[in-house]
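Remarks on the structure that follows.
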Amino acid sequence: MGGGQRIVVIGAGIVGTSCAFFLQRDGHRVTLVDPREPGTGTSFGNAGVISRGSVAPVVTPGLLRELPALLADPTSPLAIRWAYLPRLLPWLLRLALNARPARVEALAASIAALTERCDRAHDLVIQECGLGELVRTGGWLWVARSRATLLEASATNRRLWDRFGRRYEFLDAAGLRDLEPALAPDLVAGLLIGENRWVLDPCRYVQGIARGFFERGGRWLRAEAQGFAFEGPRIAAVATSAGLLPTDGVVLAAGAFSKRLAGVGGVSVPLDAERGYHVMLPHPATSLRRPVYSCEHGFVLAPLEGGLRLTGGVELASPWAAPDFRRIRRLVPLAQRLLPGLSGEILSEWQGCRPTLPDSLPVIGASPTTPNLWLAFGHQHIGLTLGPLTGRLIADLVAGRDPGFDLSPYRADRDWV
Ligand SMILES: Cc1cc2nc3c(=O)[nH]c(=O)nc-3n(C[C@H](O)[C@H](O)[C@H](O)COP(=O)(O)OP(=O)(O)OC[C@H]3O[C@@H](n4cnc5c(N)ncnc54)[C@H](O)[C@@H]3O)c2cc1C
């Protein structure tokens, strides 16, 4: 497709907004469609980590073995709403099959191929949208109360970091204290993934990219995309709650809610949601200097501009189910043990839906059935990390440019196990 085409991007999260930005940059006439403000879906509430270090799939053999214990423990990072199980079962079975060791190795290579390219795409949007003040360097830190716990919790990741050339360093109690003086003294073992960065406000980051898109002439339609009008095999218009939007091409980037419209476009994808929560806590007098992951309890405490963001765990339930904040609230006392200066006051609570395919890979590519439909969803736990890169790749595909590496692992018509 040459430049100057009309393109509708559905979904204004980090992924859709990045697609809109890169497509507009290529000279297309892009309309971003969402019933909500940019960055206020799942991209609002993440921990903010730009994680070049992420290489492991969502489920690994170790996690599978721990499953019964995790489901029995009310403070564990995994919960399931049993009423949703019958609908979820096919997705769960595929997820489990993808945890076989040989599969994990292959999937990790495809995740690593994306995360090793994430920083250049972020640097471009940071520079062109003037977002430098929102981004921090300094890595992210895993902490534990014993070296044995740290080694066990990080074993799969360390093996994959070694394989894919991601750098990390071990820290003893004194090293931890140097980096993070506010941590509790019983934390004696740490591991720093120094290349990771983080953003001080993930929502403002997306809105900054949206601003860059609008400044280049991009258009905004506050509406829900409801279906497509076809002319032969091609989409001629997007049916929205605000009327028909004629178009030459469509990018579907509606996060965890992409499955139905993908189906209307002729693509069947086993997409489901890993729901996640956060609470915002006031910064203590001495706060954290970087995001910290607790190996004992599986939560993250991230120092953002509105306070410390405590995120933890996965809830398997319908994306439309009402939030249940009890589990995330139970983590607050555990966070206070990690950071003794922390008060138990909760400033705000939030719930969102990670879009996850059973092989942990996103779909990034052209529709196998509809010539002018491109798909960009399923970024699971690393959508902030991969959003700008996905935008760059979709723009390459629309332009017919070589993206520079093999995108076949991310096709929508791949084998899911
Ligand atoms: C607790 C938690 C912590 C996380 N931490 C990190 C982290 O530290 N680093 C990281 O990289 N990732 C993290 N993630 C993952 C990351 O947040 C997601 O992968 C990412 O936000 C997904 O972005 P998205 O654009 O695909 O989806 P969204 O941000 O959900 O955007 C999708 C948009 O599509 C819109 N939409 C839906 N249906 C329609 C429709 N029919 N018409 C028009 N618009 C529609 C929605 O309104 C929404 O705005 C975390 C996630 C959670 C839940």
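Against the empirical curve 2.2 N^0.38 Å, the C-alpha radius of gyration of segment 263-417 lands at a ratio of 1.28. Would you look at the GNM of the chain, springs on alpha carbons closer than 10 Å, and say which of Leu78, Leu89, Leu316 moves the most? So, out of Leu78, Leu89, Leu316, the one fluctuating most is Leu89.
In a simple Cβ point-charge model (Lys, Arg +1; Asp, Glu -1; nothing else charged), the chain has a dipole of about 300 debye relative to its Cα centre. With Cα atoms defining each centre, segment 153-192 and segment 212-229 are spaced 43 Å apart in the structure.
The distance separating the Cα centre of segment 76-104 from that of segment 3-44 comes to 31 Å.
Per residue, the chain reaches -10500 deg cm²/dmol at 222 nm when only DSSP H runs of four or more residues are counted, each adding -39500 (n - 2.57). Proximity of backbone amide H atoms, modeled 1.01 Å from N, is registered between Cys353 and Thr42, Gly276 at under 5 Å, excluding neighbours fewer than 5 places apart on the same chain.
Taking a quarter of the surface of the convex hull around the Cα atoms of the chain, what do you get in nm²? All intermediate terms of the calculation are to be shown ahead of the outcome.
On the way: hull surface 74.4 nm².
If you wrap the Cα atoms of the chain in a convex hull and average its projections, you get 18.6 nm².
Beta bridges assigned by DSSP with both partners in the chain are antiparallel in approximately 70 percent of cases.
Backbone phi angles across segment 115-121, fed through the Karplus curve with coefficients 6.51, -1.76 and 1.60 (θ = phi - 60°), yield HN-Hα couplings of 5, 5, 9, 5, 5, 5, 5 Hz in residue order; Gly and Pro are listed as x.
Here Arg120, Arg211, Arg100, Arg166 are placed in order of increasing Cβ neighbour count within 10 Å, fewest first, which gives Arg120, Arg100, Arg211, Arg166. Of the residues Ala108, Leu252, Asn46, the one whose Cα sits farthest towards the positive end of the charge dipole of the chain is Leu252 (charges of +1 on Lys and Arg Cβ, -1 on Asp and Glu Cβ, taken about the Cα centre).
For the chain, the longest principal axis of the Cα atoms and the long axis of helix 147-164 meet at an angle of about 30 degrees.
Sorting Phe257, Phe164, Phe377 by the number of Cβ atoms found within 10 Å of their own Cβ, with the fewest placed first, yields Phe164, Phe257, Phe377.
Projecting each Cα onto the charge dipole of the chain (Lys/Arg +1, Asp/Glu -1 at the beta carbon, about the Cα centre), which of Val269, Pro333, Gly218 comes out farthest on the positive side? Of the listed residues, the answer is Val269. Considering only Phe299, Leu23, Leu64, the residue lying farthest towards the positive end of the dipole of the chain is Leu64, judged by Cα position with unit charges set on Cβ. With neighbours defined as other Cβ atoms within 10 Å of a residue's Cβ, the residues Ile7, Ile14, Ile364 order from fewest to most as Ile7, Ile364, Ile14.
Just so you know, all these numbers are worked out from the coordinates, no wet-lab data involved. Just so it is clear, the model here is predicted, and its values are computed rather than measured. Counting neighbours? That spans all protein chains shown, and the Cβs are built from the backbone with ideal geometry, glycine included.
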